[in-house]
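The values are calculated or read from the model by the stated rules, or taken from the named source; none is laboratory data. Everything numeric in this text was worked out from a predicted model, so none of it was measured. Cβ coordinates were reconstructed from backbone atoms using ideal geometry, including for glycine residues, and neighbour counts include every protein chain displayed. We work out accessible area using only protein heavy atoms, side chains counted, and drop any ligands, DNA or RNA first. Shrake-Rupley method; radii C 1.70, N 1.55, O 1.52, S 1.80 Å.
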Amino acid sequence: MNDYDIIVVGSGPAGVSAAIYAARARMNTLVVGAGDGALAKAESIENYYGLAEPVPGMKLLENGRTQARRLGAELVTGQVVGVGFDGAFTVSTEDAEYRGAALVLATGSNRTAPRIANYFDFEGRGVSYCAVCDGFFYRGKAVAVLGCCEYALHEAQELLPIAGTVTLLTNGIAPIPGFPPGVRIVTDKIAA
């Protein structure tokens, strides 16, 4: 079992950024991550400082990981199945255990996707999870927001000044109060 100054769980932008700072501080740094996450599905990222041209999400992930490795961080692929503490942190994956003096959890969040045929085929190519990030790509176009609660309200409000029209699809659930008059609300059931 290897000992590290810091172990970062999560190999997305937050985890790799933490690893870059730790490695630059001359800390023996390990990043453990199980997958690429939502950023890898993004067709084009251009709302990030320093990008002269749009970059595919996967390329941005690869660039960050390459930077972390160049600075001395170690990156391993594995699903974390347990974390313990006995004066130091123990991070267990299905295949190995790692010990570290400090632990950073940067695991992101799971998204609940509707059960709609071919939905996943369009992630990053019309299906988005962030109006602030991607609304620019849909300026002047007809867009739809799936949901009925606070997150859907926020996304609809972000899209109203950008998109041509905004339709809220609630999948048969009554929306919370507060949706602006410019949002067309459809309460038909669309997914099982």
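Quick notes on this structure:
- In region 160-170, the residues that are outside any loop (DSSP other than H, G, I, E, B) and either closer than 19 Å to Tyr119 by Cβ or free of Cβ contacts under 8 Å to residues at least 12 places away in the same chain (or both): Thr167, Leu168, Leu169
- For region 171-185, filtered to residues that are in contact (Cβ under 8 Å) with a residue 24 or more places away in the chain and closer than 22 Å to Gly126 by Cβ, the residue that is most open to solvent (accessible area, probe 1.4 Å) is Asn171.
- Scanning region 132-176 for residues that are hydrophobic (A, V, I, L, M, F, W, C) and within 22 Å of the chain's Cα centre (by Cα) yields a total of 14.
- Considering residues of region 93-107 that are surrounded by 17 or more Cβ atoms within 10 Å (Cβ to Cβ) and of a type in the set (Gly, Ala, Ser) only, the residue modelled with the lowest pLDDT: Ala106
- Qualifying residue in region 59-68 (condition: touching a residue at least 40 places away in the same chain (Cβ under 8 Å), more than 17 Å from the chain's Cα centre (by Cα) and closer than 23 Å to Gly100 by Cβ): yes
- Top-ranked residue of region 7-58 - restricted to ones that are hydroxyl-bearing (Ser, Thr, Tyr) and under 16 Å from the mean Cα position of the chain (by Cα), ranked as farthest from Ala88 (Cα to Cα): Ser44
- Within region 109-131, considering residues that are under 22 Å from Ala163 (Cβ atoms) and in contact (Cβ under 8 Å) with a residue 60 or more places away in the chain, the one most open to solvent (accessible area, probe 1.4 Å): Arg125
- All positions within region 141-158 that are of a type in the set (Gly, Ala, Ser), assigned to a loop (DSSP other than H, G, I, E, B) and open to solvent by 60 Å² or more (accessible area, probe 1.4 Å): none
- When Gln67 is tested against (1) under 26 Å from Val132 (Cβ atoms); (2) at pLDDT below 90, only condition (2) is not met.
- Qualifying residue in region 108-124 (condition: of a type in the set (Asp, Glu) and over 29 Å from Gly35 (Cα atoms)): no
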